[in-house]
Amino acid sequence: MKIGRVIGNIVATRKDERLVGQKLLIVRVMVPDDRGELKPLEGSEGTVVTVDLVGAGFGETVIFCTGSTARNSVGSGQAPIDGAIVGIVDTVDTY
Amino acid sequence: MKIGRVIGNIVATRKDERLVGQKLLIVRVMVPDDRGELKPLEGSEGTVVTVDLVGAGFGETVIFCTGSTARNSVGSGQAPIDGAIVGIVDTVDTY
Amino acid sequence: MKIGRVIGNIVATRKDERLVGQKLLIVRVMVPDDRGELKPLEGSEGTVVTVDLVGAGFGETVIFCTGSTARNSVGSGQAPIDGAIVGIVDTVDTY
Amino acid sequence: MKIGRVIGNIVATRKDERLVGQKLLIVRVMVPDDRGELKPLEGSEGTVVTVDLVGAGFGETVIFCTGSTARNSVGSGQAPIDGAIVGIVDTVDTY
Amino acid sequence: MKIGRVIGNIVATRKDERLVGQKLLIVRVMVPDDRGELKPLEGSEGTVVTVDLVGAGFGETVIFCTGSTARNSVGSGQAPIDGAIVGIVDTVDTY
């Protein structure tokens, strides 16, 4: 999984029917710096679109998974989904 | 999923027979900047070739999935496809 | 899928027996620039080794898939293959 | 697999129920330099969140896997997990 | 698949029991430059840990696969493995 922050949402009225009813959230990947503070990740893997499984709100820090794991996490595993928020982070402790 | 923009299409007469009849669109990955405006992604993951499941047109902003999720999204899931457009974006709201 | 160009081939006499008889082609990932011309991709994902499903020749522009989709594309889907050329590009049109 | 170092942990009380009871560790990807010393990897793939299968402690050097392999490694393979620590490194020998 | 060079090995006495008996080799990803000479790949995907299916030795040039394809290549496909060496390269010919 990766750590991310919910930075927005997407409205898409025309979409694959298996996505109807899914909340689509934009997540910015976050990485802890040397002091453990989360910083947004720059570059190619920096932003993903996810389905929310846990009721995440804007600005919250989350953990999300991708690929077939995300697809399998939602309902019967048949929807065209490859990103899913699976937890809301309370604290990140680094050493 | 990722956000992208349809920037072109591919004509390929010689191809695996399981791709016959599929519209192949080139999608540039887009990422929201700090003000929420979508910018094209530079670098290694910046351009993908996708099959279109939702009738996307040139220049439209879309969401697409990749990997086994894309393959499973199309027909019986047996075609050699690892990119699929699954929605057309109306609005991207960032915070 | 990605766009690529066949830049070479690999000879490997010692290999997993499930690869025997497969033509192994080296593909350089290509991305269209702002004017639609294909440029070689620099960096970490720039070169892959693929199995050829469509009779591609050296220097040809192709589309290829990766991961489990590539594996499933070849024969019974059991060979240790994670890259496969699935089409030969006639034209790339960008807008 | 990749080499990593355990740099912290995550507390998440609200999460997918299939993650309950799993220890979530933050792993920094490490790569050997020319002299074989492990250095933290900068950039987009530099930090992952993993489930620990082998009792790893903070600061330990580990090997971990990702994607569907990680998911399949844990219990019945149904949890939304795409990173898993599968070994603790005693020595890395480079040549 | 990718081209790589075996640069070392890993000793891990504490590991998932499904990895017992597997030789764990460190592979540096190699990419051909404009003249066809193999150069080590810098950056995020530059080093992977693999299981060796073909008896590769230190310093040898190999082809390896990753992800679920690597897992499926080894025994019953149930071990937590996402990198596998599947061939030893005799020659790389580029054009």
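Values in this text are rule-based calculations from the coordinates and carry no lab data. Here the structure is a predicted model, which is why all the values come from computation and not from measurement. Note: ideal-geometry Cβ built from the backbone for every residue, glycine included; neighbour counts use all protein chains shown.
Under 17 Å from a point placed 7 Å out from the Cα of E:Phe58 along the Cα-to-Cβ direction: which residues of the stretch D:1-43 have their backbone N that close?
Output list for this probe position: D:32-38.
In peptide C:68-81, how many Cβ atoms from other protein chains are near each Cβ within 10 Å, on average?
Rounded to a whole number, the mean comes out at 6.
Please turn the phi angles of the stretch C:77-86 into ³J(HN,Hα) values with the Karplus equation 6.51 cos²θ - 1.76 cosθ + 1.60 (θ = phi - 60°), one per residue in order, whole Hz, x for glycine and proline.
x, 9, 6, x, 10, 10, x, 8, 7, 10
Once you average over the residues of B:11-22, how many Cβ atoms of partner chains fall within 10 Å of each Cβ? Don't skip to the answer; put the middle values down first.
On the way: counts 6, 11, 5, 9, 10, 9, 2, 3, 6, 0, 0, 1.
So the per-residue partner count for this stretch is 5.
Compute a Gaussian network model of chain D, connecting alpha carbons closer than 10 Å, and tell me which residue from D:Lys23, D:Lys39, D:Lys15 fluctuates the most.
Maximum fluctuation in the GNM of chain D, among the listed residues, is at D:Lys15.
Taking the Cα centre of the protein assembly as shown as origin, sum charge times position over the Cβ atoms of Lys and Arg (+1) and Asp and Glu (-1), and report the length of that vector in debye to the nearest 20. Each step should come with its number before you reach the end.
Working: 50 positive and 60 negative charges, 189 e Å.
Around 900 debye, computed over the protein assembly as shown.
Calculate the all-directions average of the projected area of the stretch D:2-88's alpha-carbon convex hull, and give it in nm².
Working: hull surface 23.3 nm².
If I average the Cα hull's projected area over directions, I get 5.8 nm².
Taking the dipole about the Cα centre of the stretch A:2-88, with the C-beta of Lys and Arg at +1 and of Asp and Glu at -1, give me whichever of A:Ile81, A:Gly4, A:Val48 is farthest to the positive side.
A:Ile81
Can you pull the mean other chain C-beta count within 10 Å for peptide C:53-63?
Averaged over the peptide's residues, the number is 3.
Amide H to amide H under 5 Å from D:Thr47: which residues, 5+ apart in sequence or cross-chain, H placed 1.01 Å off N in plane?
Result for D:Thr47 returns D:Val29.
Past 27 Å, Cα to Cα, is the threshold; run A:Lys39/D:Lys2; A:Lys15/A:Lys39; A:Lys2/B:Lys2; A:Lys39/D:Lys23; B:Lys39/E:Lys39; A:Lys2/C:Lys2 against it and keep the listed order.
Values: A:Lys39/D:Lys2 23 Å; A:Lys15/A:Lys39 32 Å; A:Lys2/B:Lys2 15 Å; A:Lys39/D:Lys23 23 Å; B:Lys39/E:Lys39 32 Å; A:Lys2/C:Lys2 25 Å.
As for pairs spanning more than 27 Å Cα to Cα, those are A:Lys15/A:Lys39; B:Lys39/E:Lys39.
Taking the inverse of the average 1/r across all pairs of different Cα atoms in the protein assembly as shown, what Kirkwood radius in Å do you get? Don't skip to the end; give the middle numbers.
Details: mean 1/r = 0.0449 Å⁻¹.
Across the protein assembly as shown, the inverse of the average 1/r is 22.3 Å.
Explain nothing, just compute: Karplus ³J(HN,Hα) = 6.51 cos²θ - 1.76 cosθ + 1.60, θ = phi - 60°, for every residue of the stretch A:21-30 in order, whole Hz, x for Gly and Pro.
Going residue by residue, I get x, 8, 7, 9, 10, 8, 10, 8, 5, 10 Hz, with x marking Gly and Pro.
Where does chain B land at 222 nm, in deg cm²/dmol rounded to the nearest 500, when only DSSP H runs of n ≥ 4 count, each adding -39500 (n - 2.57), divided by all residues? Working shown, then result.
Working: 1 runs with 7 residues, N = 95.
Value at 222 nm, helices only, nearest 500: -2000 deg cm²/dmol.
If you average the alpha carbon positions of the stretch E:17-33 and of the stretch D:1-41, how far apart do those two centres end up, in angstrom?
Centre-to-centre distance over Cα atoms comes out at 19 Å.
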